[in-house]
Amino acid sequence: MAAASVASRVESLASSGIQSIPKEYIRPKEELTSIGDVFDEAKKEEGPQLPTIDLKGMMDSEDKAVRDECRAQLINAAKEWGVMHLINHGIPDDLMESVKKAGEGFFELPIEEKEKYANDQASGKIQGYGSKLANNASGQLEWEDYFFHLVFPEDKRDLSIWPKNPTDYTEVTSEYARQLRVLATKILSVLSLGLGLEEGRLEKEVGGMEELLLQMKINYYPKCPQPELALGVEAHTDVSALTFILHNMVPGLQLFYEGKWVTAKCVPNSIIMHVGDTVEILSNGKYKSILHRGLVNKEKVRISWAVFCEPPKEKIILQPLPEVVSEKDPALFPPRTFAQHIEHKLFRKSQEGKKEEKDALVSK
């Protein structure tokens with residue numbers, strides 16, 4: 001199957017003036033009851049709120065007690081939520097703004113210009129500009145276009161498919177990836193200590209500096225004429241070790257926490273961090289990979305920059321580490337390569353659907 005045509009881009013559909021969305025974007029009936037207005041949802045003060053972790057103490061403090069307290073907060077958030085806002089994370093605000101400006105600049109190009117970077121999922125060419133292809137029996141689609149590419153390690157990148165316009169795209173995205181890789185090491189060190197392991201253990205288990213891949217996906221969610229019927233991204237957990245997300249301060253991210261959908265507020269200069277399935281498996285479920293999804297709206301385009309930190313597909317066997325398994329805490333996950341874990345998730349989704357996803361779809 002060839003790369004998607006211009007007509008099949010969600011941006012093209014959204015700008016065509018349609019008042020109602022095509023049926024393949026309409027979510028199943030049992031799911032629709034839980035989709036509300038994202039701006040109303042984001043204003044809610046009652047109920048659980050996504051934790052905000054201030055890393056300043058961990059990064060700067062000479063005081064061991066301050067560093068320990070900061071680490072404890074991060075570890076607790078990873079165990080209870082598996083997702084959090086990180087502030088004072090050490091990545092300069094102006095660099096994050098430059099990354100966002102460059103990504104926005106690419107999506108402001110005419111669709112015909114963006115098509116020069118089109119991927120072709122059917123032939124295995126997944127890097128580049130794309131839209132979701134239907135991968136289930138109902139032909140369900142998500143209200144988004146995206147740009148996907150490997151950004152680190154630098155020797156594994158294919159710069160030929162990186163946008164040439166804006167002209168600073170490669171420079172600022174490369175620098176952001178370098179700095180994010182340093183942050184990932186710091187986070188993995190803390191999470192290792194939280195399991196009673198030596199600092200470098202989780203980093204080693206996910207591939208280390210040479211093998212851990214950072215893949216960036218810029219998600220572009222156009223305005224939607226019927227946002228109560230669609231999702232920007234459907235309910236899922238990330239397969240990564242960690243995921244780091246920037247966004248353009250338009251709400252949309254929802255987490256399935258204690259049986260309800262919780263909308264993440266927009267925290268200036270923060271990076272949202274998810275624990276992914278890989279770390280959940282290695283920790284034997286002590287750290288959570290939370291179910292999440294993205295809402296869309298009528299008024300504002302939402303853009304997010306997700307960087308997935310992924311172990312190599314075949315080289316490492318993912319399984320609970322022996323130190324976190326005992327008679328009292330038997331292994332919750334069988335040994336699999338990262339590639340097998342992805343296959344398993346796709347198979348379960350197509351065959352039966354995960355129970356928690358079903359629960360999530362019908363919750364209000």
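Read-outs: derived from the displayed coordinates by stated rules, not from any lab. All figures in this text were calculated on a predicted structure; none of them were measured in a lab. For neighbour counting, all protein chains shown are included, and Cβ atoms are generated from backbone atoms with ideal geometry for every residue, glycine included.
Subtracting the Cα-Cα distance of S20 and N76 from their residue separation scaled by 0.36 nm leaves 15.8 nm.
Here r is the Cβ-Cβ distance between D94 and M249 and R0 is 22 Å; the resulting FRET efficiency, rounded to 0.05, is 0.90.
The helix-based estimate of mean residue ellipticity at 222 nm for the chain, built from -39,500 (n - 2.57) per DSSP H run of four or more residues and divided by its residue count, is -9500 deg cm²/dmol to the nearest 500. For F152, F39, the sequence from fewest to most other C-beta atoms within 10 Å is F39, F152.
Computed from the C-beta positions of E199 and L159 and an R0 of 41 Å, the FRET efficiency is 0.80 to the nearest 0.05. The charge dipole of region 6-362, taken about its Cα centre with unit charges on the Cβ of Lys, Arg, Asp and Glu (plus for the first two, minus for the last two), comes to roughly 620 debye. Where in the chain are the DSSP H helices whose C-alpha atoms run 18 Å or more along the long axis and whose mean Kyte hydropathy is at least -1.0? Qualifying helices, which must be both long enough and hydrophobic enough, are 64-80, 93-107, 169-194. Cβ crowding within 10 Å ranks I75, I35, I18 as I18, I75, I35, fewest other Cβ atoms first. All other residues whose Cβ lies under 10 angstrom from that of F152 are scored, Lys and Arg at +1 and Asp and Glu at -1, for a net of +2. Footprinting exposure proxy ranking of C266, C224, C309, C70, fewest other C-beta atoms within 10 angstrom first, gives C266, C70, C224, C309.
For L318, the residues 5 or more places off, or on other chains, whose built amide H falls under 5 Å of its own are R336, T337, F338. Across region 292-299, computed HN-Hα scalar couplings (Karplus, 6.51 cos²θ - 1.76 cosθ + 1.60, θ = phi - 60°) run 8, 8, x, 8, 10, 8, 7, 9 Hz from first to last residue, x flagging Gly and Pro.
Applying 0.36 nm per residue to the separation of K223 and C266 and subtracting their alpha-carbon distance, the gain on full extension is 13.7 nm.
Annotation: extensible slack from I87 through E327 equals 82.6 nm (criterion: 0.36 nm per residue apart, minus Cα-Cα distance). Rank A306, A339, A118 by mean-square fluctuation in a GNM of the chain with C-alpha springs under 10 angstrom and give only the top-ranked residue. Taking springs between Cα atoms under 10 Å, the residue moving most is A339.
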